[in-house]
Amino acid sequence: MRIVLLGPPGAGKGTQASRISDTYQIPHISTGDIFRANMKNETPLGLKAKEYMNNGQLVPDSLVIDMVSDRLQQEDVKKADYGYLLDGFPRTVAQAESLDEINKNNDGGLNFVINLEVPFDILIDRISGRRICPVCQATYHISNNKPKLDGICDLDGAKLFQREDDQEETVKNRIKVYQDQTEPLIDYYKDSGILVNINGLQHMDDVFTDIKKILDGAN
Ligand SMILES: [Zn+2]
């Protein structure tokens, strides 16, 4: 099974990705992991990427696509009958077209694009309300998951803080970028008839039940 997982920051993509990967025995492939692996192993692609980054430049699309293409040739993907769950790729229609090309060369097209939908005001509240303990990394939320004492970790009494990435203005910006980038992509997959919208507002167990229904229906 070949799946792309889409969803804005804060939609719970990570949780669903690992559940899908465990249940269906397909590798969870995120662009972040591919990048780190290539850099760490100093592959030719990783070295090229490093060059761009050292010069303060964005890594070009073509290089990202080459890394994904290379990753989709690896043993774990083959073992799963050319199966994978992609997370963080594609981000643009051009990348989606390249992925179609890669799939064609590997004799297997995408089965599903799962799109986790959560209204933006709720995402902003979810993320900007997060507070973290600097000592034990426990996560709280100012309204849904409060510590016993305001601003203090229940476990070790440390003072909680808000990550810079989680500040409201930053979150709004991240979501806006996601929205601008992804909307054309969602249209692209809607046209190919493989897009499935899932209500990401539900409890994470119910989100997974909905995803499972879709994936099991395919067998
Ligand atoms: Zn703590």
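The values are calculated or read from the model by the stated rules, or taken from the named source; none is laboratory data. Only a predicted model underlies this, so the values are computations on that prediction, with no experimental measurement involved. As a convention, Cβ positions derive from the backbone with ideal geometry for all residues, glycine included, and neighbour counts pool all protein chains shown. For the accessible areas, the whole protein counts, side chains as well, though only heavy atoms, and no ligand, DNA or RNA atoms are used. Shrake-Rupley method; radii C 1.70, N 1.55, O 1.52, S 1.80 Å.
For region 56-63, just list the computed ³J(HN,Hα) in residue order, Karplus coefficients 6.51, -1.76 and 1.60, θ = phi - 60°, integers in Hz, with x standing in for Gly and Pro. Residue by residue, region 56-63 yields x, 9, 6, 5, x, 3, 4, 6 Hz. For the pair residue 43 and residue 173, a Förster radius of 25 Å applied to the C-beta separation gives a FRET efficiency near 0.15, rounded to the nearest 0.05. Of the residues 156, 33, 205, the one that moves most in a GNM of the chain with alpha-carbon contacts below 10 Å is 156. By the Cα gyration tensor, region 1-112 has an equivalent ellipsoid whose semi-axes, rounded to whole angstrom, run 23, 16, 14 from largest to smallest.
Based on Cα contacts under 8 Å between residues 6+ apart, region 60-148 shows a relative contact order of 15 percent.
Here the relative contact order of region 42-102, from alpha carbon pairs under 8 Å that lie six or more residues apart, stands at 27 percent. Counting only protein heavy atoms and a probe of 1.4 Å, the accessible surface of the chain is 48% carbon and sulfur. Taking a Cβ cut-off of under 14 Å around residue 190, the surrounding Lys, Arg, Asp and Glu residues balance to a net charge of -4, with basic ones at +1 and acidic ones at -1.
About its Cα centre, region 1-130 has a charge dipole of approximately 340 debye under the convention of +1 per Lys or Arg Cβ and -1 per Asp or Glu Cβ, with nothing else charged.
In a reduced charge model with +1 at each Lys and Arg Cβ and -1 at each Asp and Glu Cβ, the chain shows a dipole moment near 480 debye about its Cα centre. In order along region 69-76, the phi-based Karplus estimate (6.51 cos²θ - 1.76 cosθ + 1.60, θ = phi - 60°) of 3J(HN,Hα) comes to 4, 4, 5, 6, 9, 7, 4, 5 Hz; Gly and Pro are listed as x. Kindly express, to the nearest 10 degrees and within the range 0 to 90, the angle between helix 93-105's C-alpha long axis and the longest C-alpha principal axis of the chain. Compared with the principal axis, the helix lies near 50 degrees. The lysines whose alpha-carbon is closer than 20 Å to the alpha-carbon of residue 213, local same-chain residues fewer than 8 away aside, are 13, 190.
Please work out whether region 104-172 counts as rounded, prolate or oblate from its C-alpha gyration tensor, where a ≥ b ≥ c are the square roots of the eigenvalues and a/c under 1.5 means rounded, while otherwise a/b larger than b/c means prolate and anything else oblate? It is prolate, given that a/c is not under 1.5 and a/b is the larger ratio. Assign one of three labels to region 153-195, namely rounded, prolate or oblate, based on the Cα gyration tensor with a ≥ b ≥ c the square roots of its eigenvalues; rounded applies when a/c is under 1.5, prolate when it is not and a/b is larger than b/c, and oblate otherwise. Judged from the Cα gyration tensor, region 153-195 comes out oblate (a/c at least 1.5, b/c at or above a/b). Here each label is just a point 7 Å from Cα along the line to Cβ, and for residue 59 and residue 181 those points are 1.2 nm apart.
Over the Cα atoms of the chain, the radius of gyration divided by the Kirkwood radius equals 0.99; this is the Rg/Rh ratio. Over all other residues within a Cβ to Cβ distance under 15 Å of residue 164, the charged ones net out to +1, with Lys and Arg as +1 and Asp and Glu as -1. The length gained on full extension between residue 139 and residue 155, counted as 0.36 nm times the residue separation minus their Cα-Cα distance, comes to 4.6 nm.
Net charge of the neighbourhood of residue 107, taken over other residues with C-beta under 15 Å away and scored Lys/Arg +1, Asp/Glu -1, is 0.
Within the listed set 123, 160, 195, the Gaussian network model of the chain (springs between alpha-carbon atoms below 10 Å) gives the highest mean-square fluctuation for 160. Highest mean first, the peptides 65-74, 141-150 sorted by other C-beta atoms within 10 Å per residue fall in the order 65-74, 141-150. Unpaired Cys in the chain, meaning no second Cys C-beta under 4.7 Å: 136.
Less than 5 angstrom separates the built amide H of residue 89 from those of 31, all sequence-distant by 5 or more or on a different chain. The relative contact order of the chain comes to 26 percent, based on Cα pairs under 8 Å that sit 6 or more residues apart.
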